[in-house]
Amino acid sequence: MRSGIGLFKGKIFLSAVTLFLASVQFSVSAKGEDSNLEGKEDAVMTFKSESHDLAIEIQGKRHFLALNKIQHWDVEVAQIDGEAFSEVEMVFDGGMPSHGHGMPTTPKVMKQTDSVFVIKGIKFSMPGVWELYFDIKRGDTNVRLTLEIELHYGKKLKILSARFS
Amino acid sequence: MRSHPLLTLCVTALIGIIGLIGILNIAFPEGEGGTIWEEQEVAILRTLAIPQNIMEQSYESLTNRYAGVEEAERFGHRLFFDEDLSINRERSCASCHHPEKAFTDGLPTPISEAEPITRNTPTIVGSGLSAWQFWDGRRDSLWSQALESLESMNEHGTPRTLVALRVAEKHKEEYEAVFGTLPDFSDSRRFPPFASPDSGVQDSDVLWAQMSEEDREQVNLVFTNVGKAIGAYEAKLVPARSRFDEYIASLNDQGEVMEGHKSALNQKEIAGLKLFMDEESAQCISCHNGPMLSSFEFKAINAPDGSDEHTDRKDIGRKEGVIKLLAQEFNCKSKFSDATPEMCDELNFVKADGMELEGAFKVPTLRNVALTAPYMHSGVFNNLDEVLQYYNRPMIEKGVHIDVEPLKLVPHQLEQLEAFLMTLNGGIAVEKEWLQAPPMEGVKQNKKYAAETSSINF
């Protein structure tokens with residue numbers, strides 16, 4: 001968390017990204033600029049895993065990924081080919097492990113359709129590295145998407161890693 | 001443990017280098033007007049400046065439709081300074097929130113005749129920009145905060161029916177100009193002065209329970225409107241631009257002071273600002289951010305509160321505050337709020353549990369911080385130097401959650417940080433009349449009151 005280990009951490013993150021890129025494809029898009037998603041209402045992040053036959057699309061509404069603003073996200077869960085699952089459940093959580101705290105709010109997941117969820121009440125109360133967990137349950141199979149993102153004032157969002165497990 | 005020679009060498013070398021950097025920093029400060037900021041840092045700096053539209057960021061207007069209504073603000077101004085609202089007619093909000101101290105009182109904790117008050121009087125300047133009121137955020141608007149101050153034995157101690165009666169007695173016209181006709185409270189069997197569900201006055205809850213539902217509603221309506229007028233006044237009290245804001249306004253995108261401008265900050269203050277913003281070392285900005293230099297979130301820095309671990313209970317801050325918030329009858333989702341329940345995001349998604357709430361307090365604003373000593377929820381630190389010394393060596397205890405780490409800054413860096421904090425004094429962005437006891441013409445008043453207001457001199 002502090003200066004001393006900062007250098008080391010950078011390296012770990014870099015290798016982590018390369019490692020996970022092998023199994024996860026992710027794309028980030030926002031109209032106009034590429035990865036500056038903050039506050040963009042039409043920004044989309046997509047994460048795909050061939051081995052789990054799973055595609056997760058995250059779309060922000062107002063204040064998407066902005067610091068200190070309550071925001072609601074749409075999350076669509078589908079098969080790789082875009083086909084919806086019939087029965088799927090999702091649980092969301094997150095926090096800042098390096099600071100030893102969870103989310104500053106209690107986000108709630110609401111099911112919209114068979115495969116579309118809204119997560120309401122997400123807030124990032126501090127700049128730094130946040131971990132977000134999306135637990136997807138289909139029948140007996142549980143898959144977790146772990147996102148590691150870095151948010152700072154005045155800087156572009158960095159997705160440090162995305163991992164399915 | 002025996003230290004490894006190589007480690008010792010490395011550490012010594014590191015200390016040497018750090019020292020050298022420090023010396024170079026003093027010996028060769030960067031020239032004025034030169035590039036001191038990277039573009040990214042300029043972008044961050046701009047998020048800290050007071051924006052033109054600061055009023056639009058007010059939380060008060062979410063639940064209080066009288067926020068921004070001038071008549072309500074004027075009425076609230078009078079109520080804020082009105083000692084007749086306290087049970088013994090001796091105390092007003094301004095007795096503890098002095099305008100010339102950015103609405104604080106200069107004491108570690110206020111003097112109280114009832115139970116001892118264990119918390120420091122916070123500034124009110126900019127409080128309307130926060131979703132939470134009090135150090136533990138147990139109220140979620142200025143108007144509902146005011147209602148607690150009115151009834152609390154430690155503050156005004158006035159049961160709510162008596163608040164309504166006093167307003168009817170003294171402020172009828174003003175009240176009606178804003179809120180419409182006052183109910184007729186003259187029947188004291190229907191409206192016993194000491195009735196309240198939530199005051200420290202003995203048996204007030206019994207009297208309240210004996211009132212008819214309809215009569216209680218009428219009292220509640222006047223009571224909450226009084227809160228909303230006070231809230232409207234307080235919401236107006238936002239910080240004015242300081243030298244720090246002037247400095248940011250003078251920078252171009254490349255971080256240079258633009259031609260024709262003089263740097264509003266000196267080198268020492270700029271060095272302090274750099275430390276303040278450094279997310280790797282001092283990390284102040286991770287909690288003290290945005291135009292108010294506060295995220296208004298709840299964080300634990302474990303500042304001492306004077307409690308003795310054997311005799312007293314430590315102040316657990318937000319952990320208890322959030323329970324009170326959810327239980328209180330005047331929150332954003334209550335029927336007295338002007339918001340619809342689905343607009344209450346902060347309340348709907350509030351974190352109600354978790355070990356990180358224990359001992360966590362609302363991050364205070366640093367606007368006008370030089371005027372608001374003593375510091376922290378407990379008022380333990382008398383000056384900014386003591387605050388910074390604490391951040392340099394915070395109290396880290398086993399098993400106690402804490403959100404800060406030791407800064408390990410050297411003395412001249414602490415001085416730079418302090419110099420920077422002193423640049424945040426900009427006062428309050430309202431005309432002077434709002435910061436004095438208001439004229440009371442046209443208001444029915446008792447003699448004592450008239451004498452006192454004319455002698456208040458800010």
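The values are calculated or read from the model by the stated rules, or taken from the named source; none is laboratory data. Note that this is a predicted model, so its numbers are computed, not measured. Note: ideal-geometry Cβ built from the backbone for every residue, glycine included; neighbour counts use all protein chains shown. The protein model used for the area step is the full one, side chains on, heavy atoms only, and it has no ligands, DNA or RNA in it. Shrake-Rupley method; radii C 1.70, N 1.55, O 1.52, S 1.80 Å.
At-a-glance table
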quantity: FRET E, pair residue B:358, residue A:61, Förster distance 41 Å, beta-carbon r, rounded to 0.05; calculated: 0.80
quantity: Cβ-derived FRET efficiency at R0 25 Å, residue B:39 paired with residue A:69, nearest 0.05; calculated: 0.60
quantity: Whole-number percent relative contact order across chain B, with pairs defined as alpha carbons under 8 Å at least 6 apart; calculated: 22 percent
quantity: Prolate/oblate/rounded label for the stretch B:386-443 (Cα gyration tensor, a/c 1.5); calculated: oblate
quantity: Residue mean of other protein chain beta carbons inside 10 Å, B:92-101; calculated: 0
quantity: Solvent-accessible area buried by pairing A with B, both sides, nearest 100 square angstrom, 1.4 angstrom probe; calculated: 2400 Å²
quantity: Cα gyration tensor, the stretch B:202-323 - rounded (a/c under 1.5), prolate or oblate; calculated: oblate
quantity: Inter-centroid distance (Cα atoms) of the stretch A:57-103 relative to the stretch B:240-267, Å; calculated: 40 Å
quantity: Distance between modelled label sites at residue B:213 and residue B:258, nm, 7 Å Cα→Cβ extension; calculated: 6.3 nm
quantity: Per-residue mean of C-beta atoms belonging to partner chains within 10 Å, peptide A:99-110; calculated: 5
quantity: Residue pairs, from the table B:314/B:335; A:108/B:333; A:61/B:351; A:123/B:362, whose Cα atoms sit over 24 Å apart; calculated: B:314/B:335
quantity: Protection proxy ranking, peptides B:130-143, B:373-386, average beta carbon neighbours within 10 Å, highest first; calculated: B:130-143, B:373-386
quantity: Heavy-atom surface of chain B, accessible at 1.4 Å and reported per residue (Å²); calculated: 47 Å²
quantity: The stretch B:285-420: relative contact order as a whole-number percent, Cα under 8 Å and 6+ apart; calculated: 32 percent
quantity: Loop sites in the stretch A:82-165: GluC sites (Glu not before Pro), DSSP, at most 12 other Cβ within 10 Å; calculated: A:83, A:87
quantity: Peptide-level mean, for B:355-361, of C-beta atoms on other protein chains within 10 Å; calculated: 2
quantity: Value at 222 nm in deg cm²/dmol, rounded to 500, when DSSP H runs of n ≥ 4 in chain B each add -39,500 (n - 2.57); calculated: -11000 deg cm²/dmol
quantity: For the stretch B:132-203: rounded, prolate or oblate by the Cα gyration tensor [a/c cutoff 1.5]; calculated: oblate
quantity: Span-like helix ranges in chain B, DSSP H, alpha carbon extent 24 angstrom or more, Kyte mean at least -0.5; calculated: B:5-27
